[in-house]
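The values are calculated or read from the model by the stated rules, or taken from the named source; none is laboratory data. These figures come from a predicted structure and were not determined experimentally. Reconstructed Cβ throughout: ideal geometry from the backbone, glycine too, with neighbour counts over all protein chains shown.
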């Protein structure tokens with residue numbers, strides 16, 4: 001069985017994690033010196049920190065004006081593994097009432113960052129920690145790109161709603177209403193997935209990384225070249241035979257679509273994109289970070305629409 005072991009030990013990532021922990025330690029020291037009042041926002045909004053911005057977006061949609069959300073990974077033009085936490089983010093995490101992150105070894109640095117703020121004051125209020133992987137029964141070794149699984153966001157949203165209800169019972173009716181609205185807004189995504197499954201189930205496709213894997217499974221596509229994808233994701237070299245198989249699929253048009261992670265276009269990925277263009281195999285860009293100016297639902301629907309157009313290409 002192939003394990004989706006995330007490449008968390010790339011040298012730049014290790015340096016970034018160390019920098020983040022240093023920033024958190026500095027923020028904690030400042031909090032101890034000047035007291036929690038200097039590090040907290042003046043308003044009464046619930047402070048929430050999300051490791052990834054799509055989880056932060058869900059919190060905003062449910063919490064509305066009653067939450068102050070900081071998302072650590074939010075740049076759609078950058079490889080999300082090469083993040084740097086600022087002192088502002090460190091202070092937000094230090095006093096966060098709610099923390100949301102992915103888990104399944106996608107963001108193991110989050111555990112370290114949380115450890116650096118363990119025991120810090122929340123004015124006596126317990127911190128709610130929501131881990132998406134725990135909610136949907138995923139573990140290290142599983143595909144960590146959980147937000148592309150249609151089952152994930154409803155589970156995260158319900159957990160967020162419960163955490164906000166507990167943190168701010170006075171606005172429970174608001175959070176419950178917003179949660180219901182959010183869950184209803186996911187129905188067009190489910191409908192699009194069902195329509196694609198009805199039309200394209202079993203169709204062969206390939207990808208440079210397993211980012212879109214759960215959505216591909218939900219649609220029922222026949223995803224090829226998984227070993228190549230795992231090598232790319234884990235920043236290791238794909239075998240010569242796996243590279244040859246991928247190239248053959250493109251040159252001979254054995255696949256309907258090539259799906260690629262536009263945030264991680266290494267040399268080999270660019271090579272496969274070039275081959276796809278030569279062979280007139282349609283390509284579909286997916287990302288690991290939610291683009292600016294859209295919400296989670298719009299992001300998912302836009303990518304599904306792109307896939308639909310690509311699959312329809314003869």
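Checking each residue in the stretch 290-313 for being farther than 23 Å from residue 51 by Cβ, modelled with pLDDT of 95 or more and out of contact with any strand residue (DSSP E or B) (no Cβ under 9 Å at 6 or more places or on another chain) picks out 301, 304, 305, 308, 312.
Looking at the stretch 186-201, which of its residues are crowded, with 16+ Cβ neighbours inside 10 Å and part of a helix (DSSP H, G or I)? Please lay out each step first, then the result.
Of the stretch 186-201, the ones crowded, with 16+ Cβ neighbours inside 10 Å are 186, 189, 192-193, 196, 200.
189, 192, 193, 196, 200, listed by residue number.
On the basis of being assigned to a helix (DSSP H, G or I) and more than 21 Å from the chain's Cα centre (by Cα), does residue 176 make the cut? Here the answer is yes, as residue 176 does meet what is asked. Summed over the stretch 289-302, residues that are in contact (Cβ under 8 Å) with a residue 60 or more places away in the chain, within 20 Å of residue 71 (Cβ to Cβ) and either surrounded by fewer than 19 Cβ atoms within 10 Å (Cβ to Cβ) or outside the structural domain of residue 262 (by TED's automatic domain parsing) (or both) total 4. Among the residues making up the stretch 149-163, those that are within 27 Å of residue 301 (Cα to Cα) and in a helix (DSSP H, G or I) are 152, 153, 154, 155, 156, 157, 158, 159, 160, 161, 162.
If residue 181 passes every condition in (1) assigned to a helix (DSSP H, G or I); (2) surrounded by fewer than 16 Cβ atoms within 10 Å (Cβ to Cβ); (3) assigned by TED's automatic domain parsing to the domain that holds residue 307 but one, which one does it miss? Here residue 181 clears every test but (3).
Quick one: which helices (runs of 4 or more DSSP H) lie wholly within the stretch 76-148 and hold at least 2 residues that are in contact with a helix residue (DSSP H, G or I) (Cβ under 8 Å, 6 or more places away or on another chain) and at pLDDT 95 or above? Quick ask: steps written out before the conclusion?
Values: elements: 87-94, 109-116, 132-135.
Answer list for the stretch 76-148: 132-135.
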